[in-house]
Amino acid sequence: MRKYIETAKVLFKAQLVYHFDILLTVVFTISKILLAHVLWGAIFENQDTVSGFTYPSMLSYYIISSFITQLDQSAGTGGQIAAEIRSGRFSKYIVKPMSIFWYFTAQTAGVSAFLLSFNLLAALAWIFIFRVDFTITVDIAVILSALILILLGLLFMMQMNYYIGILAFKFLDTSVFSMIKDNVVRFVTGSLIPLALLPAGIVEIMRLFPFYYVSYLPSMLLIGKNESEALAGIIILACWNAAFGILNAATYKNLKMKYDGVGI
Amino acid sequence: MNIYKHLKIIWMLLKMKLARTMAFRFTFFGAFFVDGSMFLIQILMFNAIYSQTGSIGGWDKQQMLLFIGTFSLINAVNMAIYFFGVITIPWKIKSGDLDLYITKPVNTLFHISFENIDIGSVPLIFASLGIIAYAVSGMNVQITFWRVSGYFLLVGMMLILYYDMEVIMRTIPFFVIQASSIERFEGEAVTLCMKIPGTLFKGAFKVLFYLVLPYGIMATVPAQFFAGTLTPAGFLYSMCIVAAFTAFTLAFWKLGLKHYKSASS
């Protein structure tokens, strides 16, 4: 465990070198909030509520959802894994006396931990700049459930991106697949619009999949909605994590045999 | 140089690009699938929103679909023709590879712009035309030759504007070498403006996306023209913006080339 904590610490410190990039990443979260502000501002000019959301609760949803989404840095790690495999540099990870998956998870956790405070500051800045009447629950149990869901969600995203990354053993270039995945994930996790706007039947189906619980449900919980779904969400997301863990272990075991360490 | 010679060069560059692309067949239609999925999701998003409301800032569902289809079309033609060429400019400046282009008896910007034509993006053009046709079929407008011609003329003008913006952003590295943050900023601005019509912006954001970085007019103006909501002043304004930005792009590029130090880093 200690070696993974050290890995996370190194990556945490390494972010200081890229402070300008990090600052931009945080500042650019404004585009999501601005989109919500403009789009939903126009819609709420004609009506007071949309699918149970008022204008302040809608903006609060986007600010929280954007905050959670920014914490997830695993897509970059997935891309890094694929690039290292393609170039033949993955060998340096194989020789490390650590689990490769947990090594990359620790790396990503280090980056996310660094971003945490900046994202929080950005969220506060957007609340102030867009003069949002911010809505947040004060129920400790609900906040705790949301935090557990966020952690499980981050782990799930890491597992999924790791899986796509190691597919490079077979396909070499997984960048197209990864970009399509990013587009789909943005929609199904509720980053673009709250999933409550979708037809009830589709939402029911989405509840069986992990994406519903990655950022949508925690955001809803934090604005004081959908409290009854918290426990089921934690159980379902934990099951998906376990399933993906098995899938990743089996896939890595099978595909690593194709790795020649030469690169292209 | 005459047009025939330019077309011959484009044809030659296309053949060379095809030969290179065939080596990576898996990614041949990459841009089509990536951008196709993005616009499909945008349609799904607005479908969900319009199930809750009848209009967004005066844009009904069919008009919004036309807006999305128009941006998708502009983006697809951009990807197919010059995007993959223009995006290489910062790297060529940074690495000193631009030397190879400057010494050739072809206009440097022309050569770079057309050397990476992406045939894989062409299906996205047809998909976009499909979205536009579907949107128009549900609109209560009379389809005339002039309306269609005016629409495609405006799309053509906006393609020039899109090209201008891409070149301007990638000419900055002549002066600052490392400009990845500018490209990221461009990406965020384009993504934002392809999601909502420019007319929804107000105040400082309207000035930003209508004048300073006119991404806000790119799909909005042609869609407004087709829907019959574009005023003559709006039409004239967009023409002036395209002319002004094109003149600025050419002058800025020339200045950038003069500033080029031919030193890789």
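The values are calculated or read from the model by the stated rules, or taken from the named source; none is laboratory data. Note that this is a predicted model, so its numbers are computed, not measured. A quick note on method: Cβ atoms are made from the backbone with ideal geometry, for glycine too, and the neighbour counts reach across all protein chains shown. When the accessible area is computed, the model is the full protein with side chains, heavy atoms only, and any ligands, DNA or RNA have been set aside. Shrake-Rupley method; radii C 1.70, N 1.55, O 1.52, S 1.80 Å.
The table for this structure:
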item	result
Test: A:Phe187 is more than 9 Å from chain B (Cβ to nearest Cβ), hydrophobic (A, V, I, L, M, F, W, C) and either open to solvent by less than 30 Å² (accessible area, probe 1.4 Å) or within 22 Å of B:Ser37 (Cβ to Cβ) (or both)	no
Set B:Ser95, B:Ser128: member being farther than 18 Å from B:Met194 by Cα and among the polar types (S, T, N, Q)	B:Ser95
Residue within region A:172-184 that is open to solvent by 30 Å² or more (accessible area, probe 1.4 Å), β-branched (Val, Ile, Thr), within 14 Å of chain B (Cβ to nearest Cβ) and under 17 Å from the mean Cα position of the chain (by Cα) present	yes
Top-ranked residue of region B:49-92 - restricted to ones that are open to solvent by less than 10 Å² (accessible area, probe 1.4 Å) and over 22 Å from B:Asp118 (Cα atoms), ranked as nearest to the chain's Cα centre (by Cα)	B:Phe67
Test: residue in region A:73-93 that is part of a loop (DSSP other than H, G, I, E, B) and open to solvent by 40 Å² or more (accessible area, probe 1.4 Å)	yes
Residue in region A:220-234 that is within 18 Å of the chain's Cα centre (by Cα), within 18 Å of A:Val185 (Cα to Cα), without any contact (Cβ under 8 Å) to a residue 40 or more places away in the chain and open to solvent by less than 50 Å² (accessible area, probe 1.4 Å) present	no
Segments classed as helices (runs of 4 or more DSSP H), wholly inside region B:215-265, with at least 3 members that are open to solvent by 60 Å² or more (accessible area, probe 1.4 Å) and closer than 30 Å to B:Val141 by Cβ	B:232-259
B:Ser113 vs. criteria within 14 Å of chain A (Cβ to nearest Cβ) and not aromatic (Phe, Trp, Tyr)	no
Tally, over region A:161-192, of residues that are in a loop (DSSP other than H, G, I, E, B) and touching a residue at least 12 places away in the same chain (Cβ under 8 Å)	7
Helices (runs of 4 or more DSSP H) contained entirely in region B:4-107, each with at least 3 residues that are at pLDDT 90 or above and aliphatic (A, V, I, L, M)	B:30-50, B:61-78
Residue in region B:162-169 that is away from chain A (no Cβ under 13 Å) and among the β-branched types (Val, Ile, Thr) present	yes
Selection count where residues are assigned to a loop (DSSP other than H, G, I, E, B), open to solvent by less than 60 Å² (accessible area, probe 1.4 Å) and within 30 Å of A:Asn226 (Cβ to Cβ), scope region A:1-53	6
Condition check for A:Leu198: facing chain B (nearest Cβ under 9 Å), of a type outside the set (Phe, Trp, Tyr) and without any contact (Cβ under 8 Å) to a residue 24 or more places away in the chain	yes
Whichever residue in region A:1-53 is among the hydroxyl-bearing types (Ser, Thr, Tyr) and in contact (Cβ under 8 Å) with a residue 24 or more places away in the chain and, among such residues, is nearest to A:Ala122 (Cα to Cα)	A:Thr29
